[in-house]
Structure formats: C-alpha cells, structure tokens
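The values are calculated or read from the model by the stated rules, or taken from the named source; none is laboratory data. These figures come from a predicted structure and were not determined experimentally. We place every Cβ from the backbone using ideal geometry, glycine too, and count neighbours over all the protein chains shown.
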Amino acid sequence: MTGQDWLEKDFYATLGVAKDADEAAIKKAYRKLARQYHPDQNPGDAKAEATFKEIGEAYSVLSDPEQRKQYDGLRAMAGGGPRFTAGAGGAGGAGGFEDIFSGMFGGGAGGAGGQRVRYSTAGGGGGGFEDILSGMFGGAQGFGGAGGGRRAGFGGPERGADLTATLTLPFRTAVEGGEMGVNSEGRSMTVRIPAGVRDGQKIKLRGKGRPGSGGGENGDLVVTVTVSPHPVFGIDGHNLTVTVPVTFAEAALGATIAVPTFDGGTVRVKVPAGSPSGKRLRVRGRGVVTPKATGDLIVTIEVVVPERLTDEARRAVEAFAAATDGADPRAGLFGAATT
C-alpha cells in the first residue's frame, strides 16, 4: 500500500464506522462485512472479492493503533482530501496543505519574491509527494514509488496479528488423526489433526491470522484442542488406557481375561494371582500409532465386589474369612498416619 493509497482511501467509510469508533466497533464491523463478502459466500463474484480485499486492507490499518494514528494524522494534514496539487500562480490558496509543508521544511517565504514552495503528486519524475513523506516517516522505508517495487509503509513491514480459535475433537479423531474445519473471523479453514493430540494442546496454522501490512507476513491462527471423552478408553501421551473389572477369584487366584482394543478387537491379558485393585498391566503396541512412535495399552484392573451373594457363595466367603482369620490388611496404617 502506498502513501497515495492512504490519502485517497477512506478506511472508516469502507468499514462503515465513525472516525472515533473504538477497537470493538471496528472489529465488529469488519467481521460482519468479511462474512458478507467472503469469496466462499460469493463464488465467482469478482466485485465481492475486490470488496473483501478492501475490507481487509482497511481493517489491517484501523486495527493497528500505531498505523491508525499515522493514517489519521496524514489525512488530517490533507484535510481528508484525496490528492494535493499545486495551483498555477503564486497568489491565492493561502493556508492550504502547501503552507503546512512550507512551514515544516522552513519554506515560509522561500526564494525571491516570497514565492511559496509547491508540492505535487501528479505524474512526472521523482521528488513527488510520496518521496517527501518517505523522508518524514522512515527514509528508505517510505512509500512505494515509480520503478521501485513494493516498499513498506510507515515504519517498515509489520507482521499481522495472531488469531485464536477452539476446536472440540471426537476421541477417535484425537487418537487416529484426521482433518476438521474451524471458523475464524468469518473464514472457514481445514485443520490437520495429528494422531495422539492431547486435550488442551495448541495447533498453529502459519499464515492464517490477520494480514500483515507494508509487505509484512501474515499472523498465525492458534487452535486450542478439546478432546471429547470416550466411554471406555482414555489417552495418556502415546498410550491408551482402559479399566477392566475382574472378580475377586480372578484377582486372588490369577486368570487370563479378554480386554477390548481400540481397533474393535480383543487381546488376552494375564492377571497375576494376588493382584489388587488398581494394578496396571501393559499390552505393548496397542496404543496410539504415530510416524515417530507407537504407544501401549495400559490395563488397570478393578476388583468387583458382588452386591448380592447366594447362600452357597456366602458360605464360601465365610469359609475364606475363617481360613484367613488374623490377617489384617490395615496393619501399620494407623501407625503410619501419626508420622
């Protein structure tokens, strides 16, 4: 964007806001217009696409406090007009934009006969208005000129701001990876989800934030992921977790049990004799699969106590209690509690 663009374009009118609009009003207006004129909503409509670009250009300036201040100051000096050209004579037009520049550069009466210094941006060779502004606001970094390629605006290129979004994933997508859509400021984008993504993890989409200014790069879009819970499985890094109920007899005597796997199959797991509730068993290679590593399936056993016993089962439990009379599972508990 050149200095002349700032002089010719009324960014406030483009967004439909007042010149004293605050940041929230500017952002709200931009979002509304961006949704209305987004190319995805107007396929093949060149006019809508051009308007969408104008909206983005206006927002990139007005959303940046420093650029907005410079833009307001420049247009205030110009009286809000689009161009500045010199009159034909030395008389008349006193107190205009030329007088401001004359005062700034020591040219109040300059030259013989009090002839004013005149500035023009209309056509012709170098030394025009944009070159003057270049010297005022950053020398070689000034505005683009004839034959010079695109230069930065005031103060050099500026990177666009980062945007944030949230995305809730089905558990299976978090484990296996995939693609999902996300919306940010009226734009729809596709996010590639890596296998094994964690709840709360942030995924960065480079260049998908707000546009940069003065040739600066675009900002990024940072997506925070929330993983929906699964009724059976959990995820811990590259490992999957599952809690499996076992009977008292299986835990006490040992057993080989069937455990579900995430791919819909089963795997046989050996429960050692004397296993307490909470014991963790590892099934290697049945966790999250990524290009760099494959996790395991961590099986936690939970001893289930029956709510009702048959007469025969009760007699058997009573016989077990009699056979183990004197064994105290809480031995040492109270002593340790006072340390």
Here are the criteria: (1) within 15 Å of residue 246 (Cβ to Cβ); (2) under 43 Å from the mean Cα position of the chain (by Cα); (3) touching a residue at least 24 places away in the same chain (Cβ under 8 Å); (4) surrounded by fewer than 17 Cβ atoms within 10 Å (Cβ to Cβ). Tell me which single one residue 261 does not satisfy.
(1)
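Okay, residues lined up against (1) modelled with pLDDT under 90; (2) within 30 Å of residue 161 (Cα to Cα); (3) outside the structural domain of residue 314 (by TED's automatic domain parsing):
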site: 203; (1), (2), (3): no, yes, yes
site: 213; (1), (2), (3): yes, yes, yes
site: 218; (1), (2), (3): no, yes, yes
site: 237; (1), (2), (3): yes, no, no
site: 240; (1), (2), (3): no, no, no
site: 247; (1), (2), (3): no, no, no
site: 251; (1), (2), (3): no, no, no
site: 255; (1), (2), (3): no, no, no
Are any residues in segment 193-219 touching a Leu at 6+ places or on another chain (Cβ under 7 Å) and over 28 Å from residue 289 (Cα atoms), and if so, which ones?
208, 209, 210, 219
From 323, 249, 255, 313, which residue is surrounded by fewer than 10 Cβ atoms within 10 Å (Cβ to Cβ) and more than 22 Å from residue 175 (Cα to Cα)?
323
Residue, nearest to the chain's Cα centre (by Cα), within segment 36-64, restricted to residues that are at pLDDT below 85 and polar (S, T, N, Q)
60
